[in-house]
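Have a look at the structure below before the remarks.
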Amino acid sequence: MTSDTTPRPPFLSSLRCLRCGTEYAPDAIEYVCACRPNVGSDLGTLDVEYDYAAIRSTTSPEQIGADPDRSIGRWWAQLPVQRESLPPLPVGNTPLLHAKRLGESIGLPNLYVKDDGRNPSASFKDRASAIAVARAQEKGSAVVATASTGNAAAALAGQAAAAGQASVIFVPKTAPKAKIAQLLVYGSRVLAVDGSYDDAFDLCVAACAEFGWYNRNTGYNPYMTEGKKTVAFEIVEQLSEFRDRSYELGARSYDSAPLTHNSKLITPNSVFVSVGDGCIIGGVHKGFNDLLALGWIERMPRIYGVQSAGSPALYNAWRDGREIPLPVAATTRADSISVNAPRDPVKALNAVRQSGGAFVLVEDTAILASILPLARLGAVFAEPAGAAAYAGLQRALADGLVGRDETVILINTGSGLKDVPAAMQMTGEPLTIPPTLAAVHRVLQTINNR
Ligand SMILES: *Cc1c(COP(=O)(O)O)cnc(C)c1O
Ligand SMILES: [Zn+2]
């Protein structure tokens, strides 16, 4: 008799090591392959595989589109947890904005911003943390833990609070105040590590092994990719809604654009996302791969990873043709993508190489400068790591990597409220005036005389 009490969704088939190719039954392993269980960039990261025929025979884009639940739960057939296990704090369904003025300012009329800063904890990381809490609950773990530069932790803290699940968080003590505040407010046990993100990561792995906690660490827990991939599902669905709406309005623009028309779901030409550990970009790739395997889209978009020149480990590996990046001493102001030794390098490099995209490097000055046009022309307030995607798009346009007629998706990965000092560094302080109309007149005069 088996005594497996862990509930399993019907369509998870196996986990395969991206390093040595070993295949595991879903119940046989939770984190990384035995070929390289130690921490560092060269982990035996696992890829989660599904029974696509079963998924196809059970659900369809039409059915998913008609689901009244707009959260990632409606993609239950492609998730590694039971739908009921997801915490009651809905994740996903973030807006896809047609950024017309921002796009026109750089000669790209079909530019869209997927604003994942509008998730419940204000970053993309909610997509993964919901899955982590669901799995911890399915396993009956007393505690779920993570190391994080801030956003993964804030997301875990929020999802854990929603589910009534205890959480322990390891953050570098230099993480922005707003992110640390989120952890404390949601009631996580917060351990601010006097060291780098990489130090916090290793410590979390050791603590989880010691105390039997469920480990959410990025790149270490293979299921985080499975939450992050949901962004790709939403992108194709939302692009299709734009098409349907523009047809209704009599617009023909989609007829001339090089898009997929035969299926219900529209694939963009390229997707830009910032990269630290490489888990988000790996998730984007996995999402489109799932849709291809299901026959719901017809081709893979080119996926572009944007890194800061101050944290270029994956860019360097891509440029040099390496499978495993060499660690760097990261210094970028964009804290969410400041990583010495990326923890999800294989999925990240596969995403770019297999999709025909590229890694793009941008200076911190370009990252910070991107915050303003993204907000003033695109109406999206991004934290530096989110704004980096726009800096990367401009770089790619300048390098001729992107055509003017392409449908381009920029993913904003985090809200600007996460790092207010970075934003204020770009805007400066407001004028202070006495509460008189005369003072307003004086100010207007100086402006007019300028
Ligand atoms: C985590 C994060 C990233 C980078 O994601 P990786 O999976 O580490 O590559 C980018 N932007 C924001 C805002 C993040 O929180
Ligand atoms: Zn292996």
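List of remarks:
- Look at the alpha carbon pairs under 8 Å that are at least 6 residues apart: their mean separation over the length of the range 69-147 gives a relative contact order of 29 percent.
- DSSP beta bridge pairing in the chain, given as percent antiparallel to the nearest 5: 30 percent
- Within the chain, helix-based [θ] at 222 nm, where runs of 4 or more DSSP H residues each add -39,500 (n - 2.57), nearest 500: -12000 deg cm²/dmol
- Most to least packed among 174-185, 279-290 [average Cβ atoms within 10 Å]: 279-290, 174-185
- Highest to lowest packing among 200-207, 412-419, 384-391, 18-25, scored as the average C-beta count within 10 Å: 384-391, 412-419, 200-207, 18-25
- Normalised by the number of residues in the chain, the mean separation of alpha-carbon contacts (under 8 Å, six or more apart) gives a relative contact order of 16 percent.
- With all protein chains in place and a 1.4 Å probe, the accessible surface of the chain carries 54 percent carbon and sulfur.
- Computed over protein heavy atoms with a 1.4 Å probe, the accessible surface of the chain works out to 39 Å² per residue.
- As a length-normalised measure over Cα pairs under 8 Å and 6 or more apart, the relative contact order of the range 8-114 settles at 22 percent.
- Karplus-derived HN-Hα couplings along the range 171-180 (A = 6.51, B = -1.76, C = 1.60, θ = phi - 60°), whole Hz, x at Gly and Pro: 10, x, 5, 7, 4, x, 3, 4, 6, 5
- From largest to smallest, the equivalent ellipsoid semi-axes obtained for the range 43-99 from the alpha-carbon gyration tensor read 21, 17, 14 Å.
- For the set Lys125/Lys177; Lys114/Lys177; Lys114/Lys418; Lys139/Lys173; Lys179/Lys286, the pairs lying more than 22 angstrom apart at their alpha carbons are Lys114/Lys177; Lys139/Lys173; Lys179/Lys286.
The values are calculated or read from the model by the stated rules, or taken from the named source; none is laboratory data. Please read these numbers as outputs of a predicted model, since none were measured by experiment. Methodologically, a virtual Cβ is constructed for each residue, glycine included, from the backbone with ideal geometry; neighbour enumeration extends over all protein chains shown. The area values use the complete protein model at the heavy-atom level, side chains included, leaving out ligands, DNA and RNA. Shrake-Rupley method; radii C 1.70, N 1.55, O 1.52, S 1.80 Å.
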